[in-house]
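The structure under discussion appears below in the form of C-alpha cells.
Throughout, read-outs are computed from the coordinates displayed, never taken from laboratory work. Quick caveat, the model's predicted, so the values are computed rather than measured. Every residue, glycine as well, gets a Cβ built from its backbone with ideal geometry; the counts of neighbours run over all protein chains shown.
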Amino acid sequence: MPRFKKNDLLTMGVRIFVAAGVDKATATELMDSLVLSNLMGVDSHGVVRIGQYLAALKTGAIVPSAQPRITRENNVIALLDGCKGFGQIVSKKAMQLAMDKARLNGIGVTCFTNVHHVGRLGEFVAIASQEGMIGIMFVNGSRPGGLVAPFGSRQKMLGTNPLAFSIPAGSCPPLLADFATSTVAEGKVRIAHRKGDRVPIGWLLDKNGKPTDKPGDLYDGGAITTFGEYKGYALSLLIEVLAGILSGAETPIFPDYKMLTNGVFAITIEPSFFRSREEYSMAVDYLFKRIKEAPPALNSQGVLIPGEPEVAQKAIREREGISIDHNTLNELEEIAISLGISLDLHPSVASA
C-alpha cells in the first residue's frame with residue numbers, strides 16, 4: 001500500500017476540511033487527532049474517518065464552530081452538552097475539566113453527549129497520565145439499531161462500546177489501554193472490507209447467526225460479537241448505562257435514537273490524594289517492572305505493559321510512513337473533486 005509522511009496527511013486533511021467550511025485551527029486540531037490514530041496503528045480511527053465526518057457536516061450532525069457548554073456542575077462532576085462539535089475537540093475539553101476538578105478534590109467526572117463521534121479514546125486518557133493522573137473513559141453509541149449482538153443472540157443491538165484508561169508511573173512510561181467491548185472495532189471491519197480481506201472467524205456473525213470471515217456480511221444484516229463472550233457483554237451493558245443513559249445519549253435500540261451519537265463518561269483520579277506522589281510512583285514502577293520481568297510463555301516475546309505496542313508502532317510509522325489503502329485514497333480524491341480542490345495523493349514514502 002502507498003505510504004505517506006504524517007505531515008503530508010495532515011496537510012491533505014486540513015485542506016479538505018477547510019474547503020468544507022471548517023476554520024483552519026479546528027481542522028488542524030481534528031487532523032492532529034486522526035493522524036495520531038494512524039501513527040499509533042489504530043487506522044480504524046484515522047484518516048479513513050474523513051468521509052464520515054464530511055457527511056456529518058453536510059447533515060448538520062457536526063457543527064464545526066460549536067463549543068461545549070456545562071449544563072450542570074458541582075465540585076466533582078460536570079454534565080456537558082457537546083453542542084454537535086467535533087467529538088475529539090469536545091473530549092479533550094471535557095478531560096481537562098475533569099482534571100481541574102481532580103486537582104482540587106482527588107477525583108473529577110465529566111459526562112456528555114450531543115457529539116457525532118469522539119475518535120480514539122486513548123488520546124484523551126493519555127492527557128491525564130501526562131499530568132500524573134489516572135484517566136478513564138467509557139463511550140457508547142452506534143448507528144441506530146446497533147452493531148454488536150448481545151451474548152446469546154444473533155441480533156445486533158449494542159454499540160462497540162469502548163473503554164480506555166491510562167495509569168501514570170514514576171520512571172516507567174504510563175500504561176495505556178484502549179479497546180472495544182466488542183471482539184473488534186467496526187472500523188477494523190470496514191478497513192478489511194475496503195481492502196477485500198477476510199477477517200478472523202469469531203469476529204462476526206452473518207444475518208443467519210453463523211460465524212463468518214466475510215467483512216461485508218456485517219453490512220448485510222450481520223453483527224459483531226462481544227469479546228470474552230458474556231464478560232464483554234456485561235461490560236458493554238455497563239457502558240450503555242454510564243455513557244449512554246446518564247449522558248442522555250440513550251442507546252442504539254431506543255426508539256428515538258435516530259443517528260450515530262456518542263455518549264461519554266470520563267473519570268480522572270489524582271493519586272496524591274490517596275498516597276504521596278513519591279510512594280505512588282515507586283509502587284507503580286515496582287508493579288510494572290516486576291510484571292515485565294516475568295518469564296515469557298512458550299513462543300512469546302514476553303510481557304508488555306499495555307500501550308507499549310502502540311508506542312513502538314508510532315516510532316516505526318514516524319520513520320517509515322503511514323500506509324493508506326487504495327479505496328481510502330480513491331475516496332479522498334473523489335472528495336477533493338467534489339470540493340473543487342486538488343490533492344497530492346502520490347506516496348511521500350516508498351510503497352509498502
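What to note about this one:
- Packing here is the average count of other Cβ atoms within 10 Å per residue, and on that basis the peptides 90-103, 13-26, highest first, run 90-103, 13-26.
- Shape call, the range 203-352: gyration tensor on alpha carbons, a/c limit 1.5: oblate
- In summary, the helical segments of the chain meeting the span-like criteria, namely a full DSSP H run, a Cα extent along the axis of 24 angstrom or more and a mean Kyte-Doolittle hydropathy of at least -0.5, are 87-105.
- Between Asn74 and Thr28, the simple label model (points 7 Å from Cα in the Cβ direction) yields a spacing of 4.1 nm.
- Anisotropy class of the range 24-129 from Cα gyration tensor, a/c 1.5 cut: oblate
- Of all stretches in the chain that contain no GluC sites (Glu not before Pro) in a DSSP loop with at most 16 other Cβ atoms within 10 Å, the longest one is 1-130.
- Difference of contour (0.36 nm per residue) and Cα-Cα distance, Ser276 to Glu131: 50.7 nm
- C-alpha center-to-center spacing [the range 237-266, the range 275-319] in angstrom: 33 Å
- The trypsin sites (Lys or Arg not before Pro) of the range 193-283 meeting both criteria, a DSSP state outside H, G, I, E and B (loop) and at most 13 other C-beta atoms within 10 angstrom of the site's C-beta, are Arg198, Lys258, Arg275.
- Straight-line cross-link reach from Lys214 at under 24 Å between alpha-carbon atoms covers these lysines, not counting any fewer than eight positions away in the same chain: Lys156, Lys188, Lys195.
- Gyration tensor (alpha-carbon) shape descriptor, the chain, a/c threshold 1.5: rounded
- Mean separation of Cα contacts under 8 Å, 6 or more apart, over the residue count of the range 8-61: relative contact order %: 29 percent
- Label reach from Arg143 (point 7 Å along Cα→C-beta): in the range 80-118, amide nitrogens under 17 Å belong to 116-118.
- Here is how the number arises for the chain: DSSP H runs of 4 or more residues each give -39500 (n - 2.57), the sum is divided by the residue count, and the result at 222 nm is -12000 deg cm²/dmol.
- In this simple spin-label approximation, His326 and Asp285 carry label points 7 Å from Cα along the Cα→Cβ vector, and these lie 5.2 nm apart.
- Between the range 166-191 and the range 53-132, the alpha-carbon center distance in angstrom: 18 Å
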